1. Could you list all residues from region 154-189 that are over 16 Å from Ser129 (Cβ atoms), of a type in the set (D, E, K, R) and free of Cβ contacts under 8 Å to residues at least 40 places away in the same chain?
2. Can you tell me which residues in region 247-266 are in a strand (DSSP E or B) and surrounded by 14 or more Cβ atoms within 10 Å (Cβ to Cβ)?
3. Picking from Arg25, Arg10, Arg52, which residue would you name as being under 17 Å from the mean Cα position of the chain (by Cα), of a type in the set (Lys, Arg) and surrounded by fewer than 18 Cβ atoms within 10 Å (Cβ to Cβ)?
4. In region 122-137, how many residues are crowded, with 19+ Cβ neighbours inside 10 Å and either farther than 20 Å from Asp80 by Cβ or charged (D, E, K, R) (or both)?
5. Any residue in region 215-228 that is more than 13 Å from Gln246 (Cα to Cα) and part of a loop (DSSP other than H, G, I, E, B) sitting within a Cβ distance under 8 Å of a residue that is at pLDDT below 80 and of a type in the set (Gly, Ala, Ser)? List the pairs, counting only those 6 or more apart or interchain.
6. Please identify the pairs in which a residue from region 1-24 that is within 21 Å of Asn36 (Cβ to Cβ) has its Cβ atom under 8 Å from the Cβ atom of a residue that is in a strand (DSSP E or B) and among the aromatic types (Phe, Trp, Tyr), counting only partners at least 6 apart or on another chain.
7. Is at least one residue of region 132-153 touching a residue at least 12 places away in the same chain (Cβ under 8 Å) and farther than 30 Å from Thr59 by Cβ?
Amino acid sequence: MITAENLTKRFGSHTAVDNVSFVARPGQVTGFLGPNGAGKSTTMRMIMGLDRPTSGSTTVNGKPFASHRDPMTQAGALLDAKAAHPGRRAVDHLRLLAATNGLPAKRVADVLDLTGLTDVANRRIGGFSLGMHQRLGIAATMLGDPQVLIFDEPVNGLDPEGVHWVRGFARARAAEGRTVFISSHLMSEMAQTADHIIVLGKGRVLADAPLNQFLRAAENPNVRVRVSDATVLGSLLAADGVTITQTAADSLEVAGLPSHLIARAAALEGLELHELTPLSASLEEAYLALTDEATEYRSAV
């Protein structure tokens, strides 16, 4: 489990993380989302004891990470996939980490096999692709067989096969009862991976909820309607505050009116309804709506 309580980090006059509190629980993947500059990476560094909070605290499995006598058996973190000497062989990189942390040497073979790197174990890291770097970083996180896994943008730059592999890896580790904490900018991927969502904006928590609850809260009020006479139904529904868009000869998209009132109007007129579908927001739509005012860096249109 990961906890953050009133976590704040200032760099001079800039507040990167502002009174952040949350819990990431075992048995689920927690997606940690937010625009660039929101404070995600700084928060992860504080969890791992790499940055000292200005105030507040974090714990991993009930204690500050640096207080654990055997830290790699408590948590593994991939914060920078390129943080390995390019001239070293992959197997030697992992052997060094195992030896310096008092971990059994046999774990090296285990994690190489787990991440699909056994066949390239003797290659030098400098010749690795980005996907292989990510797998090696994930192998390092698993050396101590920890109950907490922290990944900062683990799918950046990966091809579809690599993205699919990371998703399956995260889901499998959560199914084993581990705490999996992942930051990402890929909303479509988080929608398939995360059970719980935490969203930061300008250093503050904007949302902290199960994925399905987060999406329901951002539900699009529009309703898609297919009916025997879309023109007639559209004229019946026209009213102040109601927006009607005819999307096909037999289809409407209606905003500002609940489904049951649309159905009642069609029934009273004797129209045949073929579809009546409330349109739910995607994770990307919900995220963009929530973070619109919290985005510090915008591209010109």
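1. Correct list: Arg167, Arg173, Glu176, Glu189.
2. Across region 247-266, the qualifying residues are Ser251, Leu252, Glu253, Val254, Ala255.
3. Unique residue meeting the criteria: Arg25.
4. So the answer is 1.
5. Ala218/Ala281; Ala218/Ala286; Ala218/Ala289; Glu219/Ser280; Glu219/Ala281; Asn220/Ser280; Asn220/Ala281
6. From residues that are within 21 Å of Asn36 (Cβ to Cβ), the pairs are Ala4/Phe22.
7. Yes, because at least one residue in region 132-153 is touching a residue at least 12 places away in the same chain (Cβ under 8 Å) and farther than 30 Å from Thr59 by Cβ.
To keep it simple, each residue is scored yes or no on (1) closer than 20 Å to Ile138 by Cα; (2) in the same structural domain as Ala140 (by TED's automatic domain parsing); (3) surrounded by fewer than 13 Cβ atoms within 10 Å (Cβ to Cβ).
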| residue | (1), (2), (3) |
| --- | --- |
| Val17 | no, yes, no |
| Ala38 | no, yes, no |
| Thr43 | yes, yes, no |
| Thr59 | no, yes, no |
| Ser67 | no, yes, yes |
| Gly76 | yes, yes, no |
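The values are calculated or read from the model by the stated rules, or taken from the named source; none is laboratory data. These numbers were taken from a predicted model, which means no experiment stands behind them. Glycine also receives a Cβ, built like all others from the backbone with ideal geometry; neighbour counts cover every protein chain displayed.
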